[in-house]
1. Give me the pairs: first residue in segment 50-62 and farther than 15 Å from R21 by Cβ, second residue basic (K, R) and open to solvent by 20 Å² or more (accessible area, probe 1.4 Å), beta-carbon distance under 6 Å, and six or more apart or on different chains, which are they?
2. Could you tell me whether any residue of segment 101-114 is touching a strand residue (DSSP E or B) at 6+ places or on another chain (Cβ under 6 Å), closer than 30 Å to E236 by Cβ and open to solvent by 20 Å² or more (accessible area, probe 1.4 Å)?
3. Restricting segment 226-255 to residues that are open to solvent by less than 30 Å² (accessible area, probe 1.4 Å) and part of a loop (DSSP other than H, G, I, E, B), which is modelled with the lowest pLDDT?
4. Return a yes/no flag: does segment 52-68 have any residue that is in contact with a His (Cβ under 9 Å, 6 or more places away or on another chain), under 27 Å from A119 (Cβ atoms) and basic (K, R).
5. Taking the condition of being more than 20 Å from the chain's Cα centre (by Cα) and more than 19 Å from G96 (Cβ to Cβ), how many residues in segment 111-144 meet it?
6. On the given criteria, is F206 closer than 25 Å to V52 by Cβ, touching a residue at least 40 places away in the same chain (Cβ under 8 Å), touching a Gly at 6+ places or on another chain (Cβ under 8 Å) and open to solvent by less than 60 Å² (accessible area, probe 1.4 Å)?
7. Does any residue of segment 165-176 turn out to be modelled with pLDDT of 95 or more, open to solvent by 60 Å² or more (accessible area, probe 1.4 Å) and among the aliphatic types (A, V, I, L, M)?
8. Whether any residue in segment 146-157 is more than 19 Å from Y78 (Cβ to Cβ) and open to solvent by 40 Å² or more (accessible area, probe 1.4 Å) is what I want to check.
Amino acid sequence: MRMLCLLLCLPNIGWAAPLLRSEGLATGSDGSVLYREVHWQDGPQAGAQRWVQYECPDGRPFARKQLPASGRAQVRGYRLQDMRSGQDAVVEVASGAVRIQWRESTAAARRERELALPADAVVDMGFDAAVRQHWGALMRGETLTLPFLVPGRQQFYPVKVIRRAALRWEGQSAQQIEVALAAWHGGLAPRLRLVYADADQRLLEFRGTSNLRDAEGGYPQVTVRFAQIAQEQSREDYGRQWSRPLIARCHVNKA
């Protein structure tokens, strides 16, 4: 009966072609491993359905994120659940608006708000799609200003996106992209640094504030490296991984 319940609770996906699987390794400022991001994607399209499982250094999962398929990958919603802190977020995008349900921790009250969706808005992992969409402009040295949703603040904030430099990343030709707030807003992380591959505009490295709370209730500074290109893996493997119970005792030190 327990296995039947787990199967029924799996996200609704077809069971034909294999999924694409990739990993990101998150480390702190001292180089210690904080967690691993395991990404699953239902095809190569930017708007394909996606799932992310966050795992402790010992491999046990503690948080999950689900992103529905969307024709507008830049602004699709998501659901995030972190068993360590009780952080729970639901972001839904429809009819020119975004609805946010946010709970910071198990002890916090759930807050809800609906906002109008600005033109060229970016929500969560939709930033990846935005970079690829504007790749030509970035390579020409143009500075982009995009409204980025900060769900914990339940507000869009303007961020500036600019190409900083060409570089070599583990033997690959790549570009460093910097993201900064267009104006100072107290308490918000002022800067992110990202590295994208020239060949396919794939995210190789993220440096900035994690979207997951640590054991002390803060959001640590992390480096997440995506060293390997996504590989096909069976949906049965995905089902086995996703059906594992989330744990609440994965300790992540604040960097």
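1. Filtered contacts from segment 50-62: F62/R84.
2. Looking through segment 101-114, none of the residues is touching a strand residue (DSSP E or B) at 6+ places or on another chain (Cβ under 6 Å), closer than 30 Å to E236 by Cβ and open to solvent by 20 Å² or more (accessible area, probe 1.4 Å).
3. V252
4. Within segment 52-68 (the criterion being in contact with a His (Cβ under 9 Å, 6 or more places away or on another chain), under 27 Å from A119 (Cβ atoms) and basic (K, R)), the answer is no, since none of the residues qualifies.
5. Count: 10.
6. Against the criterion (closer than 25 Å to V52 by Cβ, touching a residue at least 40 places away in the same chain (Cβ under 8 Å), touching a Gly at 6+ places or on another chain (Cβ under 8 Å) and open to solvent by less than 60 Å² (accessible area, probe 1.4 Å)), F206 qualifies.
7. yes
8. If we filter segment 146-157 for residues that are more than 19 Å from Y78 (Cβ to Cβ), which is where we start, we get none.
Within segment 146-157 (the criterion being more than 19 Å from Y78 (Cβ to Cβ) and open to solvent by 40 Å² or more (accessible area, probe 1.4 Å)), the answer is no, since none of the residues qualifies.
The values are calculated or read from the model by the stated rules, or taken from the named source; none is laboratory data. If you're wondering where the values come from, they're calculated on a predicted model, not measured in any experiment. We place every Cβ from the backbone using ideal geometry, glycine too, and count neighbours over all the protein chains shown. These area figures cover heavy atoms from the full protein model, side chains too; ligands, DNA and RNA do not enter into them. Shrake-Rupley method; radii C 1.70, N 1.55, O 1.52, S 1.80 Å.
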